[in-house]
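Q: My questions will all concern the structure given below.
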Amino acid sequence: MLKGIDHRLNADLLQALRAMGHGDMLMLTDVNFPGAALAPHTVAGRLLTMENLTAAEAARAILSVLPLDTFVHDFAARMEVVGDPAAIPPVQAEVQAEIDRAEGRPRPMTAIDRFAYYDLAKQAFVLVQTGERRLYGCFMFRKGVIMPTE
């Protein structure tokens, strides 16, 4: 255990978060996502898991240490509901609340078509699969920077 670090962040995930650079993407996915098949295409090259957590619980832990990009409109995104791209299922509303909490203000996610999300996942730095069983629990977070204090 480490002081000040959310206990849900394991060593492999902390290493990946630390290694990510500005603009790199983390894909946070539900249990139905084909993570094992797509993870080899990522920079990390393997699937990381937070298997006993919901998407919102995992997002809270990750966003406790990961700054979101402030230079782009797609700093965070959600997978669109097939046939109803404007729909916001409860799982997505919960993750949006975690983003807003971490950012200290409302910052709406963009939406990504289901198959475009799969393609984007192959370009990500890392793929993190949660234990989320609700449909459309798939998100993208783009790493930002921590500004100098001086």
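Values in this text are rule-based calculations from the coordinates and carry no lab data. These numbers were taken from a predicted model, which means no experiment stands behind them. All Cβ positions, glycine included, derive from the backbone under ideal geometry; neighbour counts span all protein chains shown.
Q: Hey, can you tell me all the residues within the stretch 1-39 that are without any contact (Cβ under 8 Å) to a residue 12 or more places away in the chain and within 18 Å of Ala116 (Cβ to Cβ)?
A: Residue satisfying the conditions is Ala37 alone.
Q: Output the number of residues of the stretch 107-124 satisfying the condition of being hydrophobic (A, V, I, L, M, F, W, C) and over 14 Å from Thr29 (Cβ atoms).
A: First, pick out the residues of the stretch 107-124 that are hydrophobic (A, V, I, L, M, F, W, C): 109, 111-112, 115-116, 120-121, 124.
From what's left, over 14 Å from Thr29 (Cβ atoms): 109, 111, 115-116.
Summing the residues that are hydrophobic (A, V, I, L, M, F, W, C) and over 14 Å from Thr29 (Cβ atoms) in the stretch 107-124 gives 4.
Q: Only residues that are in contact with a Lys or Arg (Cβ under 9 Å, 6 or more places away or on another chain) and surrounded by 18 or more Cβ atoms within 10 Å (Cβ to Cβ): list them for the stretch 69-87, please.
A: Asp69, Phe75, Ala76, Ala77, Met79, Glu80 - these are the residues of the stretch 69-87 that are in contact with a Lys or Arg (Cβ under 9 Å, 6 or more places away or on another chain) and surrounded by 18 or more Cβ atoms within 10 Å (Cβ to Cβ).
Q: Across the stretch 24-52, which residue is nearest to Leu9 (Cα to Cα) among those that are surrounded by fewer than 18 Cβ atoms within 10 Å (Cβ to Cβ) and in contact with a helix residue (DSSP H, G or I) (Cβ under 8 Å, 6 or more places away or on another chain)? Break it down into steps so the answer makes sense when it comes.
A: Step one: of the stretch 24-52, the residues surrounded by fewer than 18 Cβ atoms within 10 Å (Cβ to Cβ) are 31-32, 34, 36-37, 40-41, 43, 45-46, 51-52.
Then drop every residue that is not in contact with a helix residue (DSSP H, G or I) (Cβ under 8 Å, 6 or more places away or on another chain), which leaves 34, 41, 45-46.
Values: Pro34: 22, His41: 23, Gly45: 19, Arg46: 17 Å.
Only one residue fits best here, namely Arg46.
Q: What's the total number of residues in the stretch 10-23 that are surrounded by fewer than 19 Cβ atoms within 10 Å (Cβ to Cβ) and among the hydrophobic types (A, V, I, L, M, F, W, C)? Steps first, please.
A: First, pick out the residues of the stretch 10-23 that are surrounded by fewer than 19 Cβ atoms within 10 Å (Cβ to Cβ): 10-12, 14-15, 18-19, 21-23.
Then drop every residue that is not among the hydrophobic types (A, V, I, L, M, F, W, C), which leaves 11, 14, 19.
Qualifying residue count for the region: 3.
The rows are residues; the columns are (1) free of Cβ contacts under 8 Å to residues at least 24 places away in the same chain; (2) closer than 20 Å to Leu17 by Cα.
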{"residue": "Val65", "(1), (2)": "no, yes"}
{"residue": "Asp69", "(1), (2)": "no, yes"}
{"residue": "Val82", "(1), (2)": "no, no"}
{"residue": "Pro89", "(1), (2)": "no, no"}
{"residue": "Ile99", "(1), (2)": "no, yes"}
{"residue": "Ala116", "(1), (2)": "yes, no"}
{"residue": "Lys122", "(1), (2)": "no, yes"}
{"residue": "Val128", "(1), (2)": "no, yes"}
{"residue": "Phe139", "(1), (2)": "no, yes"}
